[in-house]
Every structure is written in C-alpha cells, then in structure tokens.
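Derivation of every value follows stated rules applied to the coordinates shown; laboratory data play no part. The structure displayed is predicted, hence computed values, not measured ones. Cβ atoms come from the backbone with ideal geometry, glycine included; neighbour counts cover every protein chain shown.
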Amino acid sequence: MNAPLEIVAYVENMLSEWKEKHPGYDTYASGIVMMNGAFASSSMKDMGTLVPLMFLIILLMVFLTTRSISSMLASLIVLFFSIGTAMGIAGWMGVELTGPSTSAPTMIMTLAIADSIHLLVTMLQLMRSGTPKKEAIVESIRINFMPVFITSITTIIGFLTLNFAEGTPFHDLGNITAIGVAAAFFFSVFLLPALVAILPFKVKVRKTKEGKTPLLDKLANIVIHNHKKILVVSILVVAGISFLSTKNELNNQFVKFFDESVPFRTDTDFISDNLTGIYNIEYSLGAGGEDQISDPAYLKKLNEFEMWFKEQPEVIHVNSFSEVMRRVNASMHGDDINYYKVPSNKQQAAQFLLLYEMSLPYGLDLNNQINVDKSETRFTVTTENVSSNEMMALTARAEQWLRDNAPESMFSYGISTTLMFSHITKTNMDSMLQSGFGALILISFILIFALRSFKYGIISLLPNVTPIAVAFGIWYLLSGEINMALAVVLGMTLGIVVDDTIHLLSKYIRARREMNKSPEDAVRYAFNTVGRAIIVTTVVLIAGFSILIQSSFGFNSDMGKLTAITIAVALILDLLMLPALLLTIDKMTSKNNQ
C-alpha cells in the first residue's frame, strides 16, 4: 500500500476514535502528509471512475458517428490493446502511477480512437458510395496511412517533450502516452483492418440528391468565396487573443489542486480561515560559528530580519529564535515590558538560553529551532494564500535584505513546498517553451519531408502554433492563473493539434497533384473526404479530455479543460484559417507563374 495512504488511514482512524470519545468536537487534518495522501487517493479514485466513464463515452461516440456496432467493437479492441501495451510496458519499467500519470489511460483512449475513426469513416464513406468492403478497406489504408503515421509521430514527439518538464510524474505521463500512441498506430493499421474484414458490416449505398449540397460543401464554399476576409479576421482575432496569453500569472496553491469534495481541501480551508495560513518559508540562518547564536550582534540582526518580515503585507506570522530570547529576557526581569528585547550581553544571553532549555519538559526543547552546535537557528515565515509570483517575489526581497543588511554567514535561501511548486512551474514553462520550439522545428521538418513541399510545410506552422497561443489567451479570460499542470499542456497538445492540419493538407495536396484540381476544388475535395473525420475525431478528443474535467484533482481537471479548449480552437482554425491561407498563397503563386 502507498505510504501516504497508510499514514492517512491511521490518522483518519485516530480522528474517528477521537470523535467517538468527544462527540461535541470537530477535527480537521492538514499538512504535507495529508496533501500527499489526497494526491494518492484522488489518483485511485480517477482510475476507478473516469477511465470506465471514458470507455462508455468513446464507444457511444463511435457508434453515433459510424452507426455500426462492428465499428464500435473493433475500436474497443484497439483501445484495450493500446492501453494494455502502454501500461504493461510501464509496469515492466517500474513506473509508479501518480496523480498526473494516472490520466495516461484516458489520453491514450482519446488519441487511439482518432486513428481508428479516420480509417473507419473513410471506409464507410467508400462503402456507401458503392465500393465493396475489401476494396474500401484497402483504399482507406492507402489514403490514410501516411497522415495517420505522421500524426502519430508528431503526437509522440509532443508527449516526449514532457521529459523536459520538472517532475518525474510528468515524465511518466509523457512516456506512457507516447508508448500508447505508438501502439495505437500499430493496432489501427494492422489489427483494425483485419477485424473489419472479418466482422459483418451492413451499409446502405447512398446517392446525393440533385440540388442538395452537403453541409461541408456549404462551409467549403463560404471559405472559398470569402477567403481573404476570413484570413484577415482570423489573423486579427488570433493575434488579439494570443496577446492575452502573456498576461497569465503563474500560481500554484496546492490546496486548490483539489475541489471541495476532498476532505483535505475543506479541512485546510477551515484552518486557514480560522487559525493560520498553511504556506510558509523556512530559513536556516547561520551565526558564524559554534555557540554563536547567543552573540548580541547575531540576535540583533535576527530580530531586525523578523521585524522586516512582519512589515510585509503577505506575512501572517514569523517564528524566530529572537522572539524566544525576547520572551526569556522579559521573564528574567519580572516580565518587565521594557526588557522585551534581545539581550545585549553574550554571557547573559547564553545563561538565559541554558536556563530556558533546562526548564522545558522532555520533548518540548528547542531542537526544532537550534542545531546541535548552536551555530544556526531556524526561521519560519507563515504567509497568506499568495500566488507563485508573489511568493517568489517575497523570497527574492528577503534574500536581498540579507545580502544588504546581514553578514555573509547569515545568508540563506528560503525553502518550502510552496516555493518548490512555484519554481517548478516557472522552470516547466521555460523548459516547455524551449522544448516546444525544438519539437516544432522537428515536426516542421517531418511535415516538409512527408508532404514533399517546403511551402506547405511552412504553411502548416501557423495552424499548428496558433491554437496553443489562443487557448492560453482564452484561459486568461477564464482564470488568468497557470499552475504546474497547465505548464505541460504546451508540449502535450503540440503533437495533437497537428492531426487535423496534416489530414486536411494531405488531401488538399493530393487533389492538387494527383487530380490536377484548382485550389478551390482542392479545398472542396479536402472538406468532403476528410472534413467529417476530423470533426468526429475532434469531438471525441474534446469529449475524452472533458472527462478529466470531472476529476476532483485539479492537475487533471485543469489539464483536461485547457487541452479541450486547444483542440476545439485547432479545429476552427483548420476549417477556416488554413484553407483561406492555402487559397491566398496558391492563387498568388499561380498569378506569379503566369
């Protein structure tokens, strides 16, 4: 059993016994241990509820979009095999499931089904047009193999960038999902066609009525006739919303990682509102040598540092050795308020400290504040529920104060769990931006090679990058705060949003090269052949990541929400901005060639 869960179970049992003996009292449990226990229990809860719910949503979406029980069954087998492969390999590698990594099965499900849907939708479209099943399967694989392969590669690259994030759980999430995506490609291309060939499929041959224009044809015509206006408006809207993304504030309040259905959240909120804050900063302040903590010069600087912190608006309480010496000094002088100050004589201060320590009961000594050789003291600052930026700014000011006003031996960096999360978030954002830029370059080279066109490879960059920037801009309007989970969404979604772009571009280029169609007819062809599939896969992806929103664990719910927004934006831009961009550039190229 997980160690935090064992401790939490013991504490909960102890509290239960207390409530039975003292029914008139309420008990509240908080702290780092209880938080770790909440992480573990929330992860287990998600595995037991969200994953089964995800299976139901996926199967329902496949059935509604294909109207075929056989398609649903074949997709289900591909999902089971993909998840089983990824989780099995992770188990052999000794990966332990944590809060972030428990969402890997859900992500694999949503990503694995995308490959299957592209193959199934194309096959069913061909069968409805009169093509025999086996020929339809072969043609579907021929048309979709390269786009599905490229999307799988780019998605794997995107998730592997999580290895540049701070924190092993995010490495595990990226690696498990990348393995699952690779397995999904293999099973979709090799297993799915075999299953489809065996399973019965009843498809009615349909003919389009004269004068009736399908919905995607109407959308294609709107884009074609208004491509310049759409391109200008898209660029302006994207630029405006993307600018808002820079205004998001880094903020990690680990209490808010959980919703109010988690006891740790409600208990901690009560303690914060009625007793004290739970965010703190710890310092180990050196006195310059053994037995030097009684030096009046050290005590004076310690006292000044304490007073400086108390003047800061974010601070609730300061626990310092100088406060102990002030109280002892006053007590030794008959509780005279005039002596509520640090002693000015070293021998006197040392005697007061010795007398105070000897008078304390066993277990209540100062070992938690003073080291063994009395060369350093512990300095603890309790703050309000401040943002990550405010916490880092406060510690930066404190460190600067020590540099400017205290001796070198007294300097110390502030440490705490809150600070750790704050710095991890900032480091994650920096590393994700760098690795994301590198992944984008690599993906661009892959697209240029796969599409056999430098022009189209460069054009694909715009609809691949802008959805992420727009999504973070929308997030600013919704929340304005980025936590550690959201910092990894950039790298994670980079490979996913490439999916729609590749499928549309590949069909557009195929129409231009193989069929010698005009730019307008190529757009219509792309919309008709792959438009329905990318809409369906986007809906499935959004539904899948929306399941994560139901998680009581803020890491997963926020990550699911922002990812769903990113995927929705990617679809809109791929259906509007990308074809408008292609039409504008290809028409300009045609005019220049004439």
Derived scalar couplings ³J(HN,Hα) [region 555-563; Karplus, 6.51 cos²θ - 1.76 cosθ + 1.60; whole Hz; x for Gly, Pro] = 3, 6, 5, 5, 5, x, 5, 5, 5
Treating each Cα of region 278-415 as an identical point scatterer and ignoring solvent, apply the Debye formula and state log10 I(q)/I(0) at q = 0.13, 0.16 Å⁻¹.
-> -0.56, -0.84
Pulled fully out, how much extra length does the chain show between I32 and Y340, if you take 0.36 nm times their separation in residues and subtract their Cα-Cα distance?
-> 107.4 nm
Which value, in debye to the nearest 20, describes the size of the charge dipole of the chain about its Cα centre when Lys and Arg Cβ atoms bear +1, Asp and Glu Cβ atoms bear -1, and nothing else is charged?
-> 4460 debye
Under 18 Å by backbone N from the virtual spin label 7 Å along Cα-to-Cβ at M307, the residues of region 373-406 are 398, 401-406
Using only alpha carbon pairs under 8 Å that are at least six residues apart, calculate the relative contact order of region 278-415 and give it in whole percent.
-> 43 percent
Rotationally averaged projected area of region 21-148 (alpha carbon convex hull; nm²) = 12.5 nm²
Descending packing, highest mean Cβ count within 10 Å first, for 259-267, 517-525 is 517-525, 259-267
Sort the following peptides by mean Cβ neighbour count (other Cβ atoms within 10 Å, averaged over residues), highest first: 367-379, 171-183, 103-115.
-> 103-115, 171-183, 367-379
Relative to the longest principal axis of the C-alpha atoms of the chain, give the angle of the C-alpha long axis of helix 296-310, reported between 0 and 90° and rounded to the nearest 10°.
-> 40 degrees
Taking the Cα centre of region 4-124 as origin and charging only Cβ (+1 Lys, Arg; -1 Asp, Glu), how large is the dipole, in debye to the nearest 20?
-> 380 debye
Excluding K346 itself, what net charge comes from residues whose Cβ is under 11 Å from its Cβ, given Lys and Arg +1 and Asp and Glu -1?
-> -2
For E17 and V237, calculate 0.36 nm times their separation in residues minus their Cα-Cα distance, and state this gained length in nm to one decimal.
-> 73.2 nm
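With all distinct Cα pairs included, what does the Kirkwood hydrodynamic radius of the chain come out to in Å, to one decimal, could you say? Don't skip to the answer; put the middle values down first.
Values: mean 1/r = 0.0362 Å⁻¹.
Mean inverse Cα-Cα distance, inverted, gives 27.7 Å.
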Length added when fully stretched, F445-F63, from 0.36 nm per residue minus Cα-Cα | 133.9 nm
To the nearest 10 degrees, how steep is helix 133-160 against the longest Cα principal axis of the chain, on a 0 to 90 scale?
-> 20 degrees
Size-normalised alpha-carbon gyration radius of region 226-275, reference 2.2 N^0.38 Å = 2.14
For D273 paired with K300, estimate the spin-label separation in nm (one decimal), with each label point 7 Å from Cα along the Cα-to-Cβ line.
-> 4.6 nm
Assuming R0 = 30 Å, what is the FRET efficiency of W92 and L53, from their Cβ-Cβ distance, to the nearest 0.05?
-> 0.60
Relative contact order computed over the chain (Cα-Cα under 8 Å; 6+ residues apart), in percent = 22 percent
Applying the gyration tensor rule to the Cα atoms of region 273-341 (axes a ≥ b ≥ c; rounded if a/c under 1.5, else prolate if a/b exceeds b/c, else oblate), the class is oblate
At 7 Å along the Cα-to-beta-carbon direction for both I549 and A393, put a label point, then send me their distance in nm to one decimal.
-> 3.2 nm
Positive-end extreme of charge dipole, region 278-415 - chosen from Y298, H333, T377 (charges on Cβ) | H333
